[in-house]
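K.L.:
Take a look at this one; I'll ask things after.
The values are calculated or read from the model by the stated rules, or taken from the named source; none is laboratory data. Treat the numbers as computed from the prediction; the structure is a model and nothing was measured. Cβ sites come from the backbone with ideal geometry, for glycine too, and all protein chains shown count toward neighbours.
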Amino acid sequence: MNRGSTWGKWDLHIHTPASYEWRGGSRLRTAASEAERDALMKEVVSAMNASGCVAVGVMDYWTFDGIKAIRSYQKRPDALPLTPTLFPGIELRMVSPGNFRLNMHVLLNPRLSDDQLDAFKAQLRIANFDRPLVDANLIEYGRVRISNERLAQLSLPRERVQANDADALIAASKTIEVTPESVKEALKTFGTDDAILMIPFDTNDGMAKIQFREHYNFPRELLAMEAIFEVSSLDTRDAFVGMRTPRNERFFDEFQSAIGQPKLAVRGSDAHRLADYGKCPNEKYTWIKAEPTFSGLLQACKEPNNRSYIGLEPPKLEFVRRNPHLFVSGVDIRKTASSKEPGVWFDGTKLEFNEDLVAIIGRKGSGKSALADVIGFLGDTPNGRYFSFLSDKRFRLPRDNKAASFEGRLNWAHGARAGEFRSLSSDTNTAAVERVKYLPQRYFEELCNDHVEGKDDLLQKELQKVIFSHLSPSEKENAKSLDEVIEIRSAVIQDRLRRNRKEVERLNGRIAMLSTRAGHDRAMHLRRELDLFLEKIRVLKEHEPKVQLPPKSDDPGLAQLNEAISKAEGELREADNVIAQKRKEQDSARLKLRRIGEVRARVAALRESVEDARGQMHDALSELGIGFEQLVRLEVDLSGLDTLEAAIKAAQTDVERALSPDGEGSLIVSRHQPETTLAELKAKLDEPNRRYQQELSAHDEWEQSWLQLLGGADIPGTFWAVWWELEALPALDGELTDLRTLRTAAAKQILADIRGMAAVRASLYRPVQELVDSDSDIRTHLHVEFSVNLSFDSFASGIFDFVKQSAGSFVGYEESKALVSRMLSAHDLNTEAGLERFFAEVETALSVDVRGTDRRPVNLGSVLRSEKKPQQLFDYIYQLEYAQLTYGLSMGGVSLERLSPGQRGALLLIFYLLVDRDRIPIVLDQPEENLDNETVFRLLVNVINKAKQHRQVIMITHNANLAVACDAEQIVCCDMNRDEGNRITYRSGAIEELPMNKVVVDVLEGTKRAFDNRSRKYA
């Protein structure tokens, strides 16, 4: 079956023994007999066959005799068959400005007869002789128009020229020129379907020798003509076909302006010997992707960049040769041996596929999607549930499973192992490796329309897969998806982000506590409390008990009794002091043990953190051959802490024993002795002395009350504690300022961490963005852009989870929302300075009523919702949880979720065809259903043309815009005949060939206008 337009080597500039400058031995004119001519032509045909070319163009000077001789020989029953297509041509010299020879070639359609070739030649006029270009006129020209001096230069004496027609013909052939007007007229007469100029540019006697500045118009007229140009320089070739490169950058624009539109550029061997056929200097062979016909050549003229190449081998051919497993060479479908299905359907189908773009066309119901489903199924696509033909509602209907009667297999390029025949009803092998990427129409529609239901997951996942495929193995870091790569690369940043948010939480806790202590309300409370203490002190002072002088007595026994009482009182005071000291030691021990517990917990957390780091770095360090301990060593020695803890606990045990209400060594028990003794001694006093002792005890109790009231700075609920707290308030303001500065710095670090995560994703998108930007059409018309943005918009709603909309600055539902929106828009929160100003404005709105000019102070408690605490509010503000990274893809400035189905479809195809690094064949089932014509022409034509340079594209379509404008290398036309058992038949061929051209026009939705060259449409 015809595989359409394929790459082949073309040599469109060779000479035969009919050329007057033939240097390869025997000449055609010297062949004395028909047998000698046939023998000579057999050598010519053999050399052409051995050249490896699929097409050759004979360019003999001034004559078609060589072509005619080959054609005559080919008619012999025993003639050696000619393998390449033979293009008639003629090499001329044309009048040009200046004094140099300007060579010119004309290629003609092989279908032209010998008489038509002679008719073309007869239309050419000899300059300064005004006669047709026929041999008789050439002979006469050689005898009457050439000077003796010129003949001498040609080593042709006048006598020989006058006597010998062959010498006169050679003399004329070496000197005559034809008029440009006659060449143009002959081309016009025969038309572009049968004749085209081939103009030497920088080859032998080419137009590059013309002094362009002196003769400006003439070369520009030649460059603008419908012509093929023969070149030597590859930079010039690229400029002709419209390919801008660094090497032709300096003259590209001016050159394109001169030629008007891209032109086909070739390199011929200019062989004057049989051994040189097909051999070009420096292996600059001409390759053309077309049927070796004149219409194929014209198609290459319309698409010169896509359909021509000069060099050893086109890159695509080399790629296919090295990777045959990536190209489906064909598909076979047949009935199974046990089939009882009466319908013919696919039976006997044997299709061969082109390795570039295959367009499968046909009217509705002709079997296009059926063929696509079969290719996808045999290629182990994971998208089987989207099949439209091989589904349980069509060909796999459970009660009439026709698919069970058929089996198929895929064949692969260059003899790569063909697949086994598989039943078309078998289940998709989910464990198989996907060999064909198939986008069924239903799947494509779902991808393009899932946003209608508020879902973008499917399309997002597909785009992420494509981006992931674009990463190199080292960039993938053993991950299985783009999300995993991002997670791996962001792990350190995420850890740092968590730590910084924890630090903000810690600072906010401290700030909340100090703010409570340093606030205006607290100061007022302390002043009132201090006033109360002063009043208590005044009252206590006024009620200080009076102590009279001790009663006078000369009784020695009374003196001894008073001395004993004083001693007992001293012992009791000493016991109380010891007990008080022990209680302080007990409190201190408990505090130290709590601190030891905290230290142990932090050391354990540090150990755990190090072990986590060890696990996270394990794979990377293993690859680097570095041990974790070479970088990090954590030495933990708790022995000192253990010793201290044991000592404290031992001392605590002693203290608790001393403070126990009973038991040996109890201070409480030992206190009973002086207390009892004192009571007994006092009972022995007489009434005056007993009253005196009572006065002393009352004063002692008053002193205790006085001391308790005054207290100390470290004793809460006492005068001095309140006084010192009030005195310390100014210092708290300074500490709060420092803490707030630290909090802002931590918040800025959080912003830096979030931007760091954005940079990770942006770095993964960057190569794909650069690839998309490299396509001028996509860059100009679609503006496809990957964006990693930081959005703070959720703050506008999130803040009201903490703040009421009925107090302070935030009064009124719409008004408070507008206030927050203004604050957000007033600052660039992506910058540290903008973020800091935003924090300041938010805190101002929380502390004063910003609605009026008086800016009345506001109590934060009145603004907060009842279930929220100040720290929760400030954690929300400073931890930046509302700062959301948005990973978006936009087209023309419109985000993915807002694109129309057609725009989403275009975007998806750009990714699959241009960005995706997967090189397995891709099968597209009617993607144009979601695309508008403008999108097709302006964008997808270019994208598909680029995609087929590195992968096989099989496209099912009924749209001429895609099939033709994309210059499909092969057209496969489907047809179903229901009168013959639903027989599905396939015809294939190149789009440029007339039979297939007519089929395409007949089947596709369009007219022959669609066959106009794409570049002309966009000019």
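K.L.:
When you go through GLY734, GLY798, GLY711, GLY717 one by one, which is the residue that is out of contact with any Leu (no Cβ under 9 Å at 6 or more places or on another chain) and surrounded by 17 or more Cβ atoms within 10 Å (Cβ to Cβ)? It would help to see each step written out before you state the result.
P.N.:
Working: GLY734 fails: surrounded by 17 or more Cβ atoms within 10 Å (Cβ to Cβ); GLY798 fails: surrounded by 17 or more Cβ atoms within 10 Å (Cβ to Cβ); GLY717 fails: surrounded by 17 or more Cβ atoms within 10 Å (Cβ to Cβ).
Being out of contact with any Leu (no Cβ under 9 Å at 6 or more places or on another chain) and surrounded by 17 or more Cβ atoms within 10 Å (Cβ to Cβ) holds for just one of GLY734, GLY798, GLY711, GLY717, which is GLY711.
K.L.:
Condition first: assigned to a helix (DSSP H, G or I), under 18 Å from VAL820 (Cα atoms) and over 43 Å from the mean Cα position of the chain (by Cα). Now tell me which residues in the stretch 863-885 satisfy that. Reasoning before the result, please.
P.N.:
Residues of the stretch 863-885 assigned to a helix (DSSP H, G or I): 863, 870-879.
If we keep only those that are under 18 Å from VAL820 (Cα atoms) as well, we get 863, 873-879.
Result: VAL863, single match.
K.L.:
Go through the stretch 344-380 residue by residue and tally those that are buried (at least 24 other Cβ atoms within 10 Å of the Cβ) and of a type in the set (Ser, Thr, Tyr).
P.N.:
Number of matching residues: 1.
K.L.:
Across the stretch 836-862, which residue is nearest to VAL504 (Cα to Cα) among those that are surrounded by fewer than 16 Cβ atoms within 10 Å (Cβ to Cβ) and polar (S, T, N, Q)?
P.N.:
This residue is THR844.
K.L.:
Further, regarding this structure: Six or more apart or on different chains, Cβ under 7 Å: which pairs go from a residue in the stretch 622-633 that's surrounded by 10 or more Cβ atoms within 10 Å (Cβ to Cβ) to one that's in a helix (DSSP H, G or I) and of a type in the set (D, E, K, R)? Could you list them?
P.N.:
PHE628/ARG614
K.L.:
Which of the helices (runs of 4 or more DSSP H) found entirely inside the stretch 233-329 contain at least 1 residues meeting this: outside the structural domain of SER26 (by TED's automatic domain parsing)?
P.N.:
234-241, 249-259, 315-322
K.L.:
Any idea which of (1) in a loop (DSSP other than H, G, I, E, B); (2) of a type outside the set (D, E, K, R); (3) in contact with an Asp or Glu (Cβ under 9 Å, 6 or more places away or on another chain) is the one ILE90 doesn't satisfy?
P.N.:
Condition (1) is where ILE90 drops out.
K.L.:
Can you name every residue in the stretch 641-673 that is of a type in the set (Asp, Glu) and either assigned to a helix (DSSP H, G or I) or closer than 17 Å to ARG583 by Cα (or both)?
P.N.:
Of the stretch 641-673, the ones of a type in the set (Asp, Glu) are 642, 645, 654, 656, 662, 664.
ASP642, GLU645, ASP654, GLU656, ASP662 - these are the residues of the stretch 641-673 that are of a type in the set (Asp, Glu) and either assigned to a helix (DSSP H, G or I) or closer than 17 Å to ARG583 by Cα (or both).
K.L.:
Going by what's in this entry, would THR676 be described as without any contact (Cβ under 8 Å) to a residue 24 or more places away in the chain and farther than 25 Å from ASN577 by Cα? I'd like the intermediate steps shown before the answer.
P.N.:
Values: without any contact (Cβ under 8 Å) to a residue 24 or more places away in the chain: yes; farther than 25 Å from ASN577 by Cα: no.
No; evaluated as a whole, the condition is false for this residue.
K.L.:
Related question: Could you identify the single residue in ALA224, ALA208 that is in contact with an Asp or Glu (Cβ under 6 Å, 6 or more places away or on another chain), under 17 Å from PHE255 (Cβ atoms) and surrounded by fewer than 18 Cβ atoms within 10 Å (Cβ to Cβ)?
P.N.:
Values: ALA224 fails: in contact with an Asp or Glu (Cβ under 6 Å, 6 or more places away or on another chain).
Among ALA224, ALA208, only ALA208 is in contact with an Asp or Glu (Cβ under 6 Å, 6 or more places away or on another chain), under 17 Å from PHE255 (Cβ atoms) and surrounded by fewer than 18 Cβ atoms within 10 Å (Cβ to Cβ).
K.L.:
I'd like to check something: does the stretch 703-711 contain any residue that is without any contact (Cβ under 8 Å) to a residue 40 or more places away in the chain, within 30 Å of GLY557 (Cβ to Cβ) and acidic (Asp, Glu)? I'd like the intermediate steps shown before the answer.
P.N.:
Our first condition is that a residue be without any contact (Cβ under 8 Å) to a residue 40 or more places away in the chain; within the stretch 703-711, this holds for 703-704, 707-708, 711.
Among the residues that remain, those that are also within 30 Å of GLY557 (Cβ to Cβ) are: 703.
Add one more test, that the residue is acidic (Asp, Glu), and what stays is 703.
Yes; the residues of the stretch 703-711 include at least one that is without any contact (Cβ under 8 Å) to a residue 40 or more places away in the chain, within 30 Å of GLY557 (Cβ to Cβ) and acidic (Asp, Glu).
K.L.:
Filter the stretch 755-814 for residues that are among the acidic types (Asp, Glu) and within 19 Å of the chain's Cα centre (by Cα) and give the result.
P.N.:
As a first pass, look at the stretch 755-814 and keep what is among the acidic types (Asp, Glu): 770, 773, 775, 777, 785, 793, 801, 814.
Residues satisfying the conditions are GLU770, ASP773, ASP775, ASP777, GLU785.
K.L.:
Moving on to the next point. Just give me the residues in the stretch 384-416 being more than 27 Å from PRO342 (Cβ to Cβ) and over 34 Å from the mean Cα position of the chain (by Cα), in sequence order.
P.N.:
Matches in the stretch 384-416: GLY415 only.
K.L.:
Identify all residues within the stretch 411-445 that are among the basic types (Lys, Arg), in contact (Cβ under 8 Å) with a residue 40 or more places away in the chain and either outside the structural domain of LYS335 (by TED's automatic domain parsing) or over 22 Å from PRO398 (Cα atoms) (or both); write none if there are none. Can you show your working first?
P.N.:
Residues of the stretch 411-445 that are among the basic types (Lys, Arg), as a first pass: 417, 422, 435, 437, 442.
When the remaining residues are screened for being in contact (Cβ under 8 Å) with a residue 40 or more places away in the chain, the result is 422, 435, 437, 442.
Within the stretch 411-445, ARG435, LYS437 meet the criteria.
K.L.:
Also, I was wondering about something else. Mind listing whichever residues of the stretch 512-533 are over 60 Å from the mean Cα position of the chain (by Cα) and either within 18 Å of ARG740 (Cβ to Cβ) or free of Cβ contacts under 8 Å to residues at least 40 places away in the same chain (or both)?
P.N.:
If the condition is that a residue be over 60 Å from the mean Cα position of the chain (by Cα) and either within 18 Å of ARG740 (Cβ to Cβ) or free of Cβ contacts under 8 Å to residues at least 40 places away in the same chain (or both), then MET524, HIS525, ARG528, ASP531, LEU532 are the ones that fit.
K.L.:
Related question: Quick one: in the stretch 442-476, of everything that is surrounded by 14 or more Cβ atoms within 10 Å (Cβ to Cβ) and either among the β-branched types (Val, Ile, Thr) or not in a helix (DSSP H, G or I) (or both), which residue is modelled with the lowest pLDDT?
P.N.:
For the stretch 442-476, the residue satisfying everything is ASP456.
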